[in-house]
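A short worksheet on the structure shown next.
What follows is calculated from the coordinates using simple rules that are stated; it is not laboratory data. None of these values were measured; they are calculated from a predicted model. Neighbour counts are summed over all protein chains in view; Cβ atoms, including those assigned to glycine, are modelled from backbone coordinates with ideal geometry.
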Ligand code: S3P
């Protein structure tokens, strides 16, 4: 069953700070798949950071670029691939439809406290810059939940070691 699952890209969705990149990287190495972080890929192709893109062109422009990058990553994969997406990607109707159609989608979920703590480590998220990060994260977490819940696989990531989350994912995939 696992081998059949790996025919399609594995796409991680969920809130900022939930650990999509850390989980994705480790999962890919265990499965011997390649790993791509869609946010990194957007920055590379735009030759700008995400805060710069938001600042210069706005969120709508970013979402279009994000959709194109994710579509390309899902289409060009030779061999298996794990893709970590930015927290808002799956909320965009077209991007979500594309991902649900082409990938094995995993919603990585966690408590609000975990998101607050993890996002505080880096100031690279434009959406958290104009207000209280906890309030913004709490609101986004609630409004985005119905979208994330459309992913067929739901994994709760606790505060324990990464390998616990990875094991849950591997169980769901097998
Ligand atoms: C965003 C999440 C970020 C990044 C951008 C917007 C969001 O990615 O794409 O700042 O709308 O939740 P991470 O989920 O990797 O932080």
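Go through the stretch 68-89 and give me each residue that's within 12 Å of the ligand (Cβ to nearest atom) and either surrounded by fewer than 17 Cβ atoms within 10 Å (Cβ to Cβ) or part of a helix (DSSP H, G or I) (or both).
Those that are within 12 Å of the ligand (Cβ to nearest atom) and either surrounded by fewer than 17 Cβ atoms within 10 Å (Cβ to Cβ) or part of a helix (DSSP H, G or I) (or both): 69, 70, 89.
Six or more apart or on different chains, Cβ under 8 Å: which pairs go from a residue in the stretch 1-22 that's farther than 27 Å from residue 159 by Cβ to one that's part of a helix (DSSP H, G or I) and within 16 Å of the ligand (Cβ to nearest atom)? Could you list them?
Here the result reads 9/73, each pair linking the stretch 1-22 to a residue that is part of a helix (DSSP H, G or I) and within 16 Å of the ligand (Cβ to nearest atom).
Which of (1) more than 21 Å from residue 27 (Cβ to Cβ); (2) part of a helix (DSSP H, G or I); (3) without any contact (Cβ under 8 Å) to a residue 40 or more places away in the chain is the odd one out, the single condition residue 122 does not satisfy?
The failed condition is (2).
Answer with yes or no whether residue 109 is away from the ligand (no atom under 11 Å from the Cβ) and out of contact with any strand residue (DSSP E or B) (no Cβ under 6 Å at 6 or more places or on another chain).
So residue 109 does not fit the description; no.
Counting only residues that are farther than 15 Å from residue 85 by Cβ and in contact (Cβ under 8 Å) with a residue 40 or more places away in the chain, how many does the stretch 144-155 have?
First, pick out the residues of the stretch 144-155 that are farther than 15 Å from residue 85 by Cβ: 145-146, 149, 152, 154.
Next, only the ones that are in contact (Cβ under 8 Å) with a residue 40 or more places away in the chain stay: 149, 152, 154.
Matching residues across the stretch 144-155 total 3.
With the checklist (1) part of a helix (DSSP H, G or I); (2) surrounded by 20 or more Cβ atoms within 10 Å (Cβ to Cβ) in hand, flag the one item residue 144 doesn't pass.
Here residue 144 clears every test but (2).
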